Amino acid sequence: MLTLADIDGGAVDALLARHGLRLERVADGAPIPGSFWGDPEAGVIGSTVYARGDTPVHSLLHESCHLAVLPPERRAGVHTDASDSVAEEDATCYLQVVLADALPDVGSARLMADMDAWGYTFRLGSTRAWFEHDADDARTWLAERGLLPAR
């Protein structure tokens, strides 16, 4: 499983900043604030994503994307649980795959493999199958909100 310590932290900071977010690095062994799943999974509070060096990249991107899909006024009230609908969750999963390609040490293929290994579940059996054949609704949701270009 690829972790934050394995990749270019500056690229992560720049990617999050493009979405009005910031990464707060948590000391090794310290509890991660706002983590829904518990350590070492990433946490969210407001517009800040919390992660340690052992936080999986898929978790860091997933929680970041939960915030990225929210308008700023909703972000302000987020603490630990950022999603309120299946459509928003699907859009978050889709966006994390897209944004993985913006990280030079990650890429969508590696991220999808890590998502499968962690236990994400999709109707078609894998993240790649869902992304390529069953995620048009998630892509449309993101495009309607200006987070992806329209096709």
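Please treat every number below as a calculation from the coordinates, not as lab data. Not measured: the values here are computed from a predicted model. Counting neighbours? That spans all protein chains shown, and the Cβs are built from the backbone with ideal geometry, glycine included.
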Sequence-distant residues sharing a close amide H with TYR50 (under 5 Å, placed H): GLU24, GLY43, VAL44, ILE45
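So which trypsin sites (Lys or Arg not before Pro) in segment 1-81 are both in a DSSP loop and have at most 11 other Cβ atoms within 10 Å of their Cβ? Walk me through the intermediate numbers first.
Values: sites: ARG18, ARG22, ARG25, ARG52, ARG74, ARG75; in loops: ARG18, ARG52.
The qualifying sites are ARG18.
Going by how many other Cβ atoms sit within 10 Å of their own, how do TYR120, TYR50, TYR94 line up, fewest first? Before the final figure, lay out the partial values.
Details: TYR120 16, TYR50 22, TYR94 25.
With the sparsest Cβ surroundings first, the list reads TYR120, TYR50, TYR94.
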Rotationally averaged projected area of the chain (alpha carbon convex hull; nm²): 8.1 nm²
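Work out the length of the dipole vector of segment 4-144 about its Cα centre, built from +1 on the beta-carbon of each Lys and Arg and -1 on the beta-carbon of each Asp and Glu, and round it to the nearest 20 debye. Mind dumping the intermediate values first?
On the way: 10 positive and 24 negative charges, 51 e Å.
So the dipole magnitude of segment 4-144 works out to roughly 240 debye.
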Segment 32-119: translational diffusion in µm²/s, Stokes-Einstein, Kirkwood Rh over Cα pairs, 25 °C, 0.890 mPa s: 190 µm²/s
Distance cut-off 22 Å, percentage of C-alpha pairs in segment 1-78 lying past it: 14 percent
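Antiparallel versus total DSSP beta bridges in segment 4-144: what percent is that, nearest 5? Before the final figure, lay out the partial values.
Details: 5 of 9 bridges.
That works out to approximately 55 percent antiparallel.
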All-pairs Cα distance distribution in segment 70-151, expressed in whole percent, bin size 10 Å: 17, 47, 33, 4
